[in-house]
Each structure stands twice: as structure tokens, then as C-alpha cells.
Amino acid sequence: MTKAQAVLVAVMIALSVSFGFQKFDSLSDSTTSNSIKIKVDSTARPHWASLYDSLDLKKQGLSEAAFYYAWYGFQKMNLANPILAIADFSQSSRNKRLYVIDLIKRKVLLNTYVAHGRNSGDEFAKRFSNDNSSFQSSLGFYKTLGTYNGKHGLSLRLEGLEKGINDRALERAIVMHGADYVSESFIKNTGRLGRSLGCPAVSVLDSKKLISMLCNGAGLFIYSGDQKYVKASPLLSGLQLDQTLGDPFLYTSSK
């Protein structure tokens, strides 16, 4: 091998090592001809996972997958209010499955009960719809709007941000409001929470405090673990988790 050939080989090896450790983000690269899937470095916890750990959310019943989906979508929503509420409908309605998180202060503001739609299921929510008069919950991301006083008292309007998934929320009057069927006494009597007509209803005791936290531009994510939703969600495009719902994968594509 000549000296020039040796130098060329050394340069190629250096370039290979450099590209092997290059970090990619989730934005599409128009110069890439094939889809690329890169696993996050397993030796270091990413920011979202460190936040999940610091908030002790696993102990409070919220899975890593539910939080990661919520955190990922929230980054794309560009909301004015840095408060994120996660309603985890993969859990029993007997559980405190609503988590209200201040992402700036890195603090769980409230963990409490939330109801699902009566046609979504009994103790567990299993069916979801965007249709009028379905009386089912709709999955996905919402932006909170203003308040009004209706038949349930103070209520918070919700704008569904995902076309074909929850974008009929306003015309369906899907709002956050207080309800007497959201209580521990109701659970003791029936074995589950009461159910709404599709609204993420909360207890009368919590309603004013929750609405005050969330009104005017906060985010709400309703999660169920439904993979059909994950694949269809515009706000979750570019995201995948492995089959164990552990380490996340970032996905970029030229399409």
C-alpha cells in the first residue's frame, strides 16, 4: 500500500467513526433517500425521561409511554400556557388518572380523577369517537380555550387539534366540567366512576381549581395506548417506541 493509499484509508475510517456518532433529530432530511431509524443512546436518559423520573410519575401510575407521547406532542403545539394535563384512559376509572404538570416548574400540580364517555366503556375506556352524539371520548391533543357557565357550572372549552380524531370537540360541546358522579363515594357504590357524554369530567371539588390552572392556552392529552391512534396522530408523526415501550426511537423520513 502506498503512502497516499494509507492516508485515504485513514480519512475514510475517520469519516465512518464521525458519522457513526452523529446525532440526528426528528426533522425530515430532504436529502435522505431512505427512512432512518435511530435509537436514543441507552447510556444516558433523555430529557423527557429525566423529567418523568424527577416527577415520580411511575409511582403515581403514569406509564413512560403515556408521558412520552404527551411530552412529544406538546413540543409541537406551541402553546402559551406551559401546563400539560394528561388523562390516562388506559387506567381504570377507579384510579386518579388525570395528571396536571407544570413543565417550567417541573412539578405535578394535581393528580386526580377524571371520567370518560359512557359509550367508551364501563370501568375502562375502550372505544373512542369523534362523531356527534356518539357519547364517546375522543383521544389526542387539545388546546384549552376560555370558560363559560353552563348546566354543569363553570366549564372549560376544549379545541381538538387533530383532524378526524378530535376536531369536532367544539361542535360536540366536549368541555371540562365538574360532575357529582366523579367522586370516591361513587366508586365505592358502583365499583367505578360515573361517565359523561364524552367530556373529561372531573369532581366538583376539583373543577374550579383545575379550570383555573388550565384555561387559556394549556394542553390536554387524552391517552389510551391505542396504537391505531398513535399511527394516525399528526402530532405524533415522527415518533415510535419499541415493543417494550421502553427506549424511544426517533424516526426521520424523506417522505
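The values are calculated or read from the model by the stated rules, or taken from the named source; none is laboratory data. Worth saying up front: this structure is predicted, and the values here are computed from it rather than measured. Neighbour counts run over all protein chains shown; Cβ positions are idealised from the backbone, glycine included. To get the accessible areas, we keep the full protein, side chains included, count just its heavy atoms, and leave off ligands, DNA and RNA. Shrake-Rupley method; radii C 1.70, N 1.55, O 1.52, S 1.80 Å.
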In nm, to one decimal, how far is the modelled label at Leu170 from the one at Gln60, with both set 7 Å along Cα→Cβ?
-> 3.1 nm
Which percent of the accessible heavy-atom area of the range 77-166 goes to carbon and sulfur, probe 1.4 angstrom?
-> 43 percent
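Solvent-accessible area per residue for the range 119-178 at a 1.4 Å probe radius, Å²?
Heavy-atom SASA per residue in the range 119-178 reads 48 Å².
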Measure up Lys143/Lys188; Lys59/Lys126; Lys96/Lys143; Lys58/Lys151; Lys59/Lys151; Lys76/Lys105 against 27 Å on the Cα-Cα distance and list the ones that go over.
-> Lys143/Lys188; Lys58/Lys151; Lys59/Lys151
Cα-based equivalent ellipsoid, the range 85-173: semi-axes from gyration tensor eigenvalues, Å | 21, 18, 14
Does the range 128-188 come out rounded, prolate or oblate by the C-alpha gyration tensor, with a ≥ b ≥ c the root eigenvalues, rounded set by a/c under 1.5 and, if not, prolate when a/b is larger than b/c and oblate if not?
-> oblate
Say each of Glu184 and Lys126 gets a label point 7 Å from the Cα, pointing the same way as Cα to Cβ; how far apart are those two points in nm?
-> 2.9 nm
